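The values are calculated or read from the model by the stated rules, or taken from the named source; none is laboratory data. Everything numeric in this text was worked out from a predicted model, so none of it was measured. Note: ideal-geometry Cβ built from the backbone for every residue, glycine included; neighbour counts use all protein chains shown. To get the accessible areas, we keep the full protein, side chains included, count just its heavy atoms, and leave off ligands, DNA and RNA. Shrake-Rupley method; radii C 1.70, N 1.55, O 1.52, S 1.80 Å.
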Amino acid sequence: MPDIYTAVTTKPEPKKTAKRETVADRLEKERVDGALKAYLVRPHRVRFETQDKKEKVVLLLRRHWLTNVGWLLTSILMLLSPLILKLVPLLSFLPRRFQIMTLILWYLMTLAFIFEKFLAWYFNVNIITDERIIDIDFYSLGYKEVSEAKIDKVQDVSYITGGGIRSLFNYGDVLIQTAGEKPQLIFEAVPTPQIVAKLLNELILEEEQEKLDGRAR
Amino acid sequence: MVGRGETMIEQLTSIDIWKIVKIGYLIAILLYIVFTIIVARQVNLMDRAVNGRLNDLLKIISWAHFIIAILAGLLALIIL
């Protein structure tokens with residue numbers, strides 16, 4: 001008998017889908033890097049302790065440079081204050097050798113003050129990767145607090161730029177509500193908080209899309 | 001007995017006050033040296049937490065800070 005119907009046995013070619021550009025890939029082209037910057041986009045040579053091999057650092061944030069003005073002015077005053085001794089000889093009751101040693105001790109303390117303040121600014125960072133949000137805080141000598149939340153656990157992102165100075169220099173706080181152990185992470189005094197909030201929302205959407213596609217890590 | 005008491009008073013009043021002040025300065029510098037060691041260890045801890053561009057330089061500065069404190073201590077021993 002002749003065949004009435006013959007099923008097609010060749011397998012259809014898989015549809016070629018264009019590789020979706022991730023937020024991290026897009027920001028690669030908008031890289032902002034620098035050793036002393038407070039807002040870094042896809043920075044080179046930045047790694048943190050718990051980073052996975054495939055995890056990419058999207059943003060590294062520090063407090064806005066303006067938050068350092070207080071201790072910088074104090075440091076300048078501390079450096080210049082021994083000049084007052086020429087006008088008001090406060091140490092004249094001490095022998096010369098003790099006066100020299102007092103000055104040396106004063107400058108050592110000033111050096112320690114400047115170094116500690118710089119370290120506190122440089123190492124207190126907020127990191128956003130393509131998978132997580134990490135807040136690293138060093139409160140005092142040897143006391144470290146690391147808070148992190150996976151992006152898919154983020155429930156709400158908002159930001160505040162209160163006050164004249166903060167509005168003028170465009171820095172503020174980004175508040176992140178999470179479903180994790182720590183209900184809220186706060187990125188304090190970071191530059192362009194509105195851009196940070198927008199990026200976080202994009203990463204949240206991307207993470208949701210990855211879950212739907214079954215590509216979530 | 002009176003002679004011995006007088007000798008003791010003479011000994012007490014003849015103590016050079018600047019030797020006591022020198023000991024005070026040396027204690028202060030010793031505490032400062034301990035502080036510089038803690039700062040150097042703190043920088044190492046921070047470096048492990050976040051590794052950035054300036055980390056190597058900051059580690060060098062922290063140990064240089066310690067060496068400067070040691071030199072200040074030696075200077076105090078010599079000149080005071």
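Summary of values
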quantity: Residue that is most open to solvent (accessible area, probe 1.4 Å) [pool: residues in the range A:46-72 that are polar (S, T, N, Q) and within 14 Å of another protein chain (Cβ to nearest Cβ)]; calculated: A:Thr50
quantity: Those residues of the range A:199-217 which are free of Cβ contacts under 8 Å to residues at least 12 places away in the same chain and loosely packed, with under 13 Cβ neighbours inside 10 Å, in sequence order; calculated: A:Leu205, A:Leu212, A:Asp213, A:Gly214, A:Arg215
quantity: Output for the range A:108-125, where each listed residue is open to solvent by 50 Å² or more (accessible area, probe 1.4 Å) and within 9 Å of another protein chain (Cβ to nearest Cβ); calculated: A:Met109, A:Leu111
quantity: Total residues in the range B:38-54, condition touching a Lys or Arg at 6+ places or on another chain (Cβ under 9 Å), hydrophobic (A, V, I, L, M, F, W, C) and not in a helix (DSSP H, G or I); calculated: 1
quantity: Qualifying residue in the range A:84-105 (condition: under 22 Å from A:Leu36 (Cβ atoms), open to solvent by 30 Å² or more (accessible area, probe 1.4 Å) and within 10 Å of chain B (Cβ to nearest Cβ)); calculated: no
quantity: The range B:36-60, residues that are of a type in the set (A, V, I, L, M, F, W, C), free of Cβ contacts under 8 Å to residues at least 24 places away in the same chain and farther than 22 Å from A:Leu40 by Cβ; calculated: B:Ile38, B:Ile60
quantity: Which listed residue, of B:Ile29, B:Ile20, B:Ile67, is under 14 Å from the mean Cα position of the chain (by Cα) and open to solvent by 40 Å² or more (accessible area, probe 1.4 Å); calculated: B:Ile67
quantity: Enumeration of residues in the range B:24-57 that are more than 7 Å from chain A (Cβ to nearest Cβ) and either over 17 Å from A:Phe113 (Cα atoms) or at pLDDT below 90 (or both); calculated: B:Gly24, B:Leu26, B:Ile27, B:Leu30, B:Asn44, B:Asp47, B:Asn55, B:Asp56, B:Leu57
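Yes or no, residue by residue, for (1) loosely packed, with under 12 Cβ neighbours inside 10 Å; (2) in contact with a strand residue (DSSP E or B) (Cβ under 9 Å, 6 or more places away or on another chain); (3) basic (Lys, Arg):
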site	(1), (2), (3)
A:Ile134	no, yes, no
A:Phe138	no, yes, no
A:Lys144	no, yes, yes
A:Gly164	yes, no, no
A:Asn170	no, yes, no
A:Thr178	no, yes, no
